[in-house]
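Take a look at the structure set out below.
Rule-based calculations on the coordinates, nothing more; no lab input. Just so you know, these numbers come straight off a predicted model, no measurement behind them. Every residue, glycine among them, receives a Cβ derived from its backbone with ideal geometry; neighbour counts consider all protein chains shown.
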């Protein structure tokens, strides 16, 4: 069986061994470096260190060690009401749309079997407000019983807002209130909601630049291409605030990806992977977080032009497929193969990267890429078969879970490519414009482009092939507004702009590519074109 330690060895070889592993070794003997905060509470003095550790871990979404810390605080002080609150909240993953109500309820019931008992056992009104909020989110109040998760999330946010208004200037209330706003808005992201969360959390950041929750929640609030530049100071700081929190290290790449800072995306996910891998001696299982980090790392490697490193990652994930890989692992593999094919434009990629016979790859991206490649090779019969296999759903992180409206867009894209391949140019353009309009109407999703081949970029490709170079350039510019410094869009823009006489735009795009590919693999086919364009000035 492929061991997880092989993943670590590959990643560590990409950075200084001392830079990554020495801090981890030290963290085993020293208190975890998670940031700093103050949380007023009525618990015993001897239980404070564990409680604060729990809150610090909680702010960085490190739920398992947070739970352990809160439970240690309970053992020291069985009457510590907020320690039970903390344990309960480790079962509410607001931004991951995951919750374990029974476990959360059980943690709270250790404080008291009824609402009245829990209130009696909670010394202060402020702490009672926190407990009541947790009861709401887990459906333990009259108002929240029987409600859907989203409905409970709304009621929870409203309770946190009441606390926020009752205790102005309380940093922990403000931080968790900000997170509750994000939790309600995460299903269909809109800028107004996310900026409102940022406005709540910003004073916490201004008062304490070592607060992990402030940095973390501001990154989430600002990780879109329009606002990401405002989150860059928080991302750069969060690296140092919580070096022993794997999710914190990865989280910085949300801002770096939105800005197209590919070297920083790589470094962030290498750090996150190294910290996450050091948590356990179980080398047989790749955690959810590690799958997530690998996916982001792979995309950044492709953008850097480090194709050999991207292929190493693909190979390591593929080698697990035949040995009991989980559904999410297989789904991530399918998404990574699709990404590799589109970003390298290697339409024969599946000759190398096709999963073994009998291994199910439960993600739409995989079959979409196979259909697209078949069209490019002129195998329309195979393309139609893969086309039929595009269905919503799929396992894994929500970032690779495809909804019906997205499947509809992918069908339109394939219809457009079939029409283009058959010389039906007007139909191809109309279908692509329809697909692009549908994609633009959908809420923004952070991270690597939601679809393996971004719709604006594909529209540019189609228009370029049809000789509509000025329109193509506009399509690429539109995509670059959402996917900053994405290399395929930059290359398309450079070519389209040159063809319709906009030499300045073309040169700027080639210069950006030269910067991104400053140490790309020498064998990259496109490297000579870019260097030639830069050298021709």
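Please give the Cα centre distance for the range 297-360 versus the range 497-537, rounded to the nearest Å.
About 27 Å separates the Cα centre of the range 297-360 from the one of the range 497-537.
Using helices alone, I'd like the mean residue ellipticity at 222 nm for the chain: each DSSP H run of four-plus residues gives -39500 (n - 2.57), total over residue count, nearest 500.
So the helix-based figure for the chain works out to -21500 deg cm²/dmol.
For the range 403-422 and the range 42-71, compute the distance between their C-alpha centroids and round to whole Å.
Between the Cα centres of the range 403-422 and the range 42-71 lies a distance of 49 Å.
In degrees between 0 and 90, to the nearest 10, how far off the longest principal axis of the chain does helix 425-440 point, with axes built from Cα atoms?
Rounded to the nearest ten degrees, it is 10.
For the range 287-422, restrict the atom set to alpha-carbon positions and state the Rg and Dmax in Å.
Every Cα atom of the range 287-422 included, Rg and Dmax give 14.3, 45 Å.
Measure nothing but the geometry: give the 0 to 90° angle between the long axis through the Cα atoms of 191-207 and the longest principal axis through the Cα atoms of the chain, rounded to 10°.
Compared with the principal axis, the helix lies near 50 degrees.
Taking the inverse of the average 1/r across all pairs of different Cα atoms in the range 4-275, what Kirkwood radius in Å do you get?
19.1 Å
Between 0 and 90 degrees, rounded to the nearest ten: what's the tilt of helix 364-376 against the longest Cα principal axis of the chain?
It is inclined by approximately 10 degrees.
Which order do the peptides 520-532, 213-225, 149-161, 360-372 take when ranked by the mean count of other beta-carbon atoms within 10 Å per residue, highest first?
Top of the packing list down: 213-225, 360-372, 149-161, 520-532.
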